[in-house]
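What follows is a set of notes on a single structure, which appears directly below.
The values are calculated or read from the model by the stated rules, or taken from the named source; none is laboratory data. Keep in mind that what you see is a predicted model, and the values were worked out from it rather than measured. Cβ placement follows ideal geometry from the backbone for every residue including glycine, while neighbour counts extend to all protein chains displayed. Areas reflect the complete protein model, heavy atoms only, side chains present, ligands, DNA and RNA absent. Shrake-Rupley method; radii C 1.70, N 1.55, O 1.52, S 1.80 Å.
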Amino acid sequence: FQIASSLRTMTEYETSDAIQLAIKEADPFRRQGTAYLHTRTRDKQRHGDDNPTGAVVVPISVATTFEQRDPGVARAKDDPNSFGAGYEYSRTGNPTRGAFERAVATAENAKYCVAFASGSAATSAVIHLLHPGEHVLCIDDVYGGTQRYFRRIVTPHMAVSISFHDFATDMPFQEKTRLVWLETPTNPLLKITDIEMCAKKAKEAECLLAVDNTFCSPYFQTPLDLGADLVVHSVTKYIGGHSDVVGGVVCTNNDELYQKLRFVQNGVGAVPSPFDCFLAHRGLKTLHVRMEAAARNANAIALFLESHKGVTKVLYPGLPSHPQHELANRQQHGFGAMITFYCVGSREQSAIVLKALRVFCLAESLGAVESLAECPSLMTHASVPDDQRALLGIDDTLIRLSVGIESSYDLIEDLDNALNEAIKSME
């Protein structure tokens, strides 16, 4: 970015340098903020003015059905939020939902985005692309709800087999493998997997690659740019960002996959309400600011934890000690705000830590402005079979932090006090 002017004196040149420096310092967000805030502005030239009222915020359209002037002919097909289909019934298409989908597509560098009522519903929509007898190759360390859905619903009731593997060491494709399911960073152990490598192997095997990008958010990682076919988010987390809305999305650049996902969205009907879409869209507008603030806090906290005698191990991609630190540095645009660590002692000490926290909230979920702490083995990953948890290293001393945007001083003081309580209990 250069300032165009006819500068003639040294003072003016010095002023220009100062302006350039000030602009750089004012925007540490890689110029992402404008795209998150102004999808309409970006699309005006392509679609014309889709905002006849001049409202600066997308209206909440609560209508469940839309009047037709002629039988079977939907109205507003020229509204870009209807994607050329117009509006007839709100499950099929809604203006508020369409505006949110366009905004998320912009954030993910995607051609398309399809919104669902939850992250689990978005995951289910991807599985609906498969047929009985086919196989899913899944990363071994994966969200507990995904494990539960795959093991207890997809395989027994849909006849789609699932196998779980550490992709860093093995990706054993089967004859009927049709989908590779990847989380990176993983939940809760924060393992990083090379997306480009997985995309290449999936393509060679004629499989789709779906990446759950919830932990990084579109701000810190855009998997479609690295070869993924599908990107899934729990909107409940960083995109919404305020612990007040449940939702999910699937993004893609593939026309055929998009049409299939739209069919699933309408046919299954697991759609978010207009108000949910409004809240999630509002959250997206501050994603860049929140992610930078949370990631700065997380880095400080990770360094603190690594030096604390009440901690035996810290897993954070931003630490040089993380096994895939260099890959994270290359693949992501930042290290995120999730931290996992093992405290000293046993289940008794981890419980003491969690109950002693005063700023961190003991709660499931993640990605909000407030900081959250939990014990995965007893909470988010309790549904994972015991032997699988043991194999992965998800024991009762493992604590997962979702770092928010409070003062880093207060968060570190809170953790220090809680960890010291655990140490005292062992004396």
message: Criterion first (open to solvent by 50 Å² or more (accessible area, probe 1.4 Å) and part of a loop (DSSP other than H, G, I, E, B)) does ALA110 satisfy it?
response: no
message: So for segment 413-425 (the condition being modelled with pLDDT of 95 or more, part of a helix (DSSP H, G or I) and within 26 Å of the chain's Cα centre (by Cα)), does at least one residue qualify?
response: yes
statement: Within segment 339-358, residues being part of a loop (DSSP other than H, G, I, E, B) and open to solvent by less than 30 Å² (accessible area, probe 1.4 Å) number 2
- prompt: From GLU256, GLU206, which residue is open to solvent by 10 Å² or more (accessible area, probe 1.4 Å), part of a helix (DSSP H, G or I) and among the acidic types (Asp, Glu)?
  reply: GLU256
Total residues in segment 301-318, condition touching a helix residue (DSSP H, G or I) at 6+ places or on another chain (Cβ under 9 Å) and either closer than 23 Å to MET426 by Cα or assigned to a helix (DSSP H, G or I) (or both): 9
field: Only one of GLY247, GLY240 that is surrounded by 22 or more Cβ atoms within 10 Å (Cβ to Cβ) and touching a Leu at 6+ places or on another chain (Cβ under 7 Å)
entry: GLY240
query: Condition test on VAL384, is it β-branched (Val, Ile, Thr) and out of contact with any Pro (no Cβ under 9 Å at 6 or more places or on another chain)?
result: no
Which numbered condition GLY336 misses (of (1) open to solvent by 10 Å² or more (accessible area, probe 1.4 Å); (2) part of a loop (DSSP other than H, G, I, E, B)): (1)
message: I'd like the residue in segment 187-203 that is open to solvent by less than 10 Å² (accessible area, probe 1.4 Å) and without any contact (Cβ under 8 Å) to a residue 40 or more places away in the chain and, out of all such residues, is nearest to the chain's Cα centre (by Cα).
response: CYS198
query: Can you tell me which residues in segment 308-333 are within 18 Å of the chain's Cα centre (by Cα) and buried (at least 19 other Cβ atoms within 10 Å of the Cβ)?
result: TYR316, PRO317, GLY318, ALA328, GLN331, GLN332
Residue among ALA125, ALA107 that alone is farther than 30 Å from LEU391 by Cα and touching a Phe, Trp or Tyr at 6+ places or on another chain (Cβ under 7 Å): ALA107
Filtered residues of segment 370-412 (kept if small (Gly, Ala, Ser) and either assigned to a loop (DSSP other than H, G, I, E, B) or crowded, with 20+ Cβ neighbours inside 10 Å (or both)): SER371, ALA373, SER377, ALA382, SER383, GLY393, SER402, GLY404, SER407
task: Check off (1) touching a Gly at 6+ places or on another chain (Cβ under 6 Å); (2) small (Gly, Ala, Ser); (3) part of a helix (DSSP H, G or I) for GLY241 and give me the number that stays unchecked.
output: (3)
